[in-house]
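Working notes, structure below.
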């Protein structure tokens, strides 16, 4: 059963608002609902120019025509924006294997090369225009390529084949996002005022976005004589605030750049498959049929505490070194610590981003995450505690345990806020919300602090909840009396923490809708499922709640007599669950904390190769130490790197 807190209220309110909006604007959807694709292109060049181009988003016109021909032969039906809106309104239904064609940025090639193909195949398409570029305002973000003129736009609109969408008036640019002057996507970034040393407030941000969307729609109407119904987000970046602003500006359909298919329920934020690296027809077919969902993860787990230095210049040197190292690894994912834990006890003493509740050690996470994303080209997960925050919260908010015959504050190394306390949950939710407001990242890694032992939580709120919601006793002695009762109690607590993390992810998705989730889990709950009683962790339930489960596959930490045999048993146990290997990241250790020695590289490499031999898809390790080259980069390039993509 869900606990209704301010966090869940926001989550369910957002869903309710979207449902009401769809019903009001589009009516009831037809009973028959097919999924559909949205394909995205940018500039279309000659074959020779496309081969020479350094722009990953350029596609050759011959390849584009091969794509269109393949779609036709495979039975895809190219539909228009009007077709999708009619289906959403219940006036019609989309055909099976429907697809929308979209072209961003308003390049001249859409008129000279794409438009003739649309007429040849009788295919509709959408072109997204950037207002400032059409106005001739050259900025650092303007592509320097020939653009459409308004006469060409009006001609294509009159043909009935082309839908004109907004790509914003002046949001296709970066703005100052942090004290280190990183330029990030204007639509989703809180402007950092460097002279005043302050961020844009919620209200200032909201006003800026609403004004920008109104101006964009009006600009297109003035020049093309039609009001845009579609907003195509610059860089694919959007959030619930921008979606609301677009809707109020008359553009209820918006488009991002997440991979995947869509239904008519997704009209407010459609997923699109972007075409990069000039794919030939075989590569195109693989993208369309596979949706790029089968990519293996290679994960380096980074401590921000290693990079931080009181001397900001030294911090920059440290960052440069780690960016180059991660880039040279040829991996695709980094779990990046977003909280400060200088004593290494796993509790957040401070945070590396602006927030309402804890000290800011340095406003650094935004800077590091952005550099990793843009320079090392990896996805960044914010590694965050679930409950272990050492702030100024009242003592009554924290987990309590039964010890020495009475209720006391928990003695575990993790000083955890109680998930049974609505005020504590809201406190943590606001921390996650502040992270999402101020930083750009791709996912969340929930820390392994989300545990409750078989003596926890016995705070008054927790015991009352056990009785009123779960129908369990509200006395510790009865909860702990039998193994069956202890397990029932543990399973409820497991699900409660899972639901709490779901709420935290929902709060983040208000501002970062595309994020994935991962959750750390100890190895013991897999190898000995009855140990859920001691931890409130369950591999099966984690698989149901998170995109990935990150197992601490650390045989030396677990004092395994035969590490390889232990790892083999762990992998085989995970594989027994449906999607067990598909959704699991096995995290090796690069340091043996029992003796404070580095794991020898032949041993580490052997474990990497063993995991791959056993069929593991996703592999990571912790920690990465750039200063001591541990694990050794040359070995990582041989045993850990991903194969080069064509």
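The values are calculated or read from the model by the stated rules, or taken from the named source; none is laboratory data. A quick note: this is a predicted structure, and the numbers were derived from the prediction, not measured. Positions of Cβ are backbone-derived with ideal geometry, glycine not excepted, and every protein chain shown enters the neighbour counts.
Taken together, the residues in the range 344-391 that are without any contact (Cβ under 8 Å) to a residue 24 or more places away in the chain and more than 22 Å from residue 310 (Cα to Cα) amount to 1. Given (1) within 26 Å of residue 294 (Cα to Cα); (2) free of Cβ contacts under 8 Å to residues at least 60 places away in the same chain, identify the lone condition not met by residue 532. Result: residue 532 passes all but (1).
Tell me, yes or no, whether the range 230-239 has at least one residue that is on the phi > 0 side of the Ramachandran plot, assigned to a loop (DSSP other than H, G, I, E, B), surrounded by fewer than 24 Cβ atoms within 10 Å (Cβ to Cβ) and out of contact with any strand residue (DSSP E or B) (no Cβ under 9 Å at 6 or more places or on another chain).
Our first condition is that a residue be on the phi > 0 side of the Ramachandran plot; within the range 230-239, this holds for 235-236.
Pick out the ones that are also assigned to a loop (DSSP other than H, G, I, E, B) and you get none.
Within the range 230-239, none of the residues are on the phi > 0 side of the Ramachandran plot, assigned to a loop (DSSP other than H, G, I, E, B), surrounded by fewer than 24 Cβ atoms within 10 Å (Cβ to Cβ) and out of contact with any strand residue (DSSP E or B) (no Cβ under 9 Å at 6 or more places or on another chain).
So, residue 611, is that one part of a loop (DSSP other than H, G, I, E, B), in contact (Cβ under 8 Å) with a residue 12 or more places away in the chain, more than 28 Å from residue 493 (Cα to Cα) and in contact with a strand residue (DSSP E or B) (Cβ under 9 Å, 6 or more places away or on another chain) or not? Answer is no for this residue.
Within the range 330-343, work out how many residues are under 21 Å from residue 638 (Cβ atoms) and touching a residue at least 60 places away in the same chain (Cβ under 8 Å). Going through the range 330-343 one residue at a time, the tally reaches 4. For the range 308-329, the tally of residues that are touching a residue at least 40 places away in the same chain (Cβ under 8 Å), out of contact with any strand residue (DSSP E or B) (no Cβ under 9 Å at 6 or more places or on another chain) and in a loop (DSSP other than H, G, I, E, B) stands at 0. For the range 509-557, the tally of residues that are closer than 17 Å to residue 449 by Cα, in a loop (DSSP other than H, G, I, E, B) and touching a helix residue (DSSP H, G or I) at 6+ places or on another chain (Cβ under 9 Å) stands at 7.
I need the full set of residues from the range 579-590 which are assigned to a loop (DSSP other than H, G, I, E, B) and either modelled with pLDDT of 95 or more or touching a strand residue (DSSP E or B) at 6+ places or on another chain (Cβ under 9 Å) (or both), in order please. Lay out the reasoning, then the answer.
Going through the range 579-590, the residues assigned to a loop (DSSP other than H, G, I, E, B) turn out to be 579-583, 590.
Hits for the range 579-590 are 580, 581, 582, 583, 590.
Considering (1) assigned by TED's automatic domain parsing to the domain that holds residue 446; (2) free of Cβ contacts under 8 Å to residues at least 24 places away in the same chain; (3) within 30 Å of residue 616 (Cβ to Cβ), the lone condition that residue 282 does not fulfil carries the number (1).
Inside the range 330-441, counting only strands (runs of 3 or more DSSP E) that do not spill past its ends, which hold 3 or more residues that are under 23 Å from residue 180 (Cβ atoms)? Lay out the reasoning, then the answer.
Numbers: elements: 333-337, 379-384, 400-403, 406-409.
Per the criteria, 333-337, 379-384.
Total residues in the range 475-508 satisfying the condition of being outside any helix (DSSP H, G or I) and surrounded by fewer than 16 Cβ atoms within 10 Å (Cβ to Cβ): the figure is 3. Do the conditions hold for residue 111, that is, is it closer than 27 Å to residue 146 by Cα, surrounded by 15 or more Cβ atoms within 10 Å (Cβ to Cβ) and out of contact with any strand residue (DSSP E or B) (no Cβ under 8 Å at 6 or more places or on another chain)? Here the answer is yes, as residue 111 does meet what is asked. Only residues that are over 24 Å from residue 395 (Cβ atoms) and free of Cβ contacts under 8 Å to residues at least 12 places away in the same chain were counted in the range 448-476, giving 1. The combined condition, being surrounded by fewer than 23 Cβ atoms within 10 Å (Cβ to Cβ), out of contact with any strand residue (DSSP E or B) (no Cβ under 6 Å at 6 or more places or on another chain) and within 27 Å of residue 54 (Cβ to Cβ), is not fulfilled by residue 131.
Would you check if residue 85 is surrounded by fewer than 23 Cβ atoms within 10 Å (Cβ to Cβ) and within 32 Å of the chain's Cα centre (by Cα)? Break it down into steps so the answer makes sense when it comes.
Values: surrounded by fewer than 23 Cβ atoms within 10 Å (Cβ to Cβ): yes; within 32 Å of the chain's Cα centre (by Cα): yes.
The answer is yes for residue 85.
Scanning the range 585-608 for residues that are closer than 21 Å to residue 528 by Cβ and free of Cβ contacts under 8 Å to residues at least 40 places away in the same chain returns 586, 588, 589, 594. Here the range 558-577 is the region considered, the condition is being touching a residue at least 12 places away in the same chain (Cβ under 8 Å) and assigned to a loop (DSSP other than H, G, I, E, B), and the residue that is nearest to residue 540 (Cα to Cα) is 577.
On the phi > 0 side of the Ramachandran plot and either in the same structural domain as residue 550 (by TED's automatic domain parsing) or at pLDDT 95 or above (or both): does that describe residue 391? Against the criterion (on the phi > 0 side of the Ramachandran plot and either in the same structural domain as residue 550 (by TED's automatic domain parsing) or at pLDDT 95 or above (or both)), residue 391 does not qualify.
Reported count of residues in the range 59-114, each being within 12 Å of residue 36 (Cα to Cα) and assigned to a loop (DSSP other than H, G, I, E, B), is 8.
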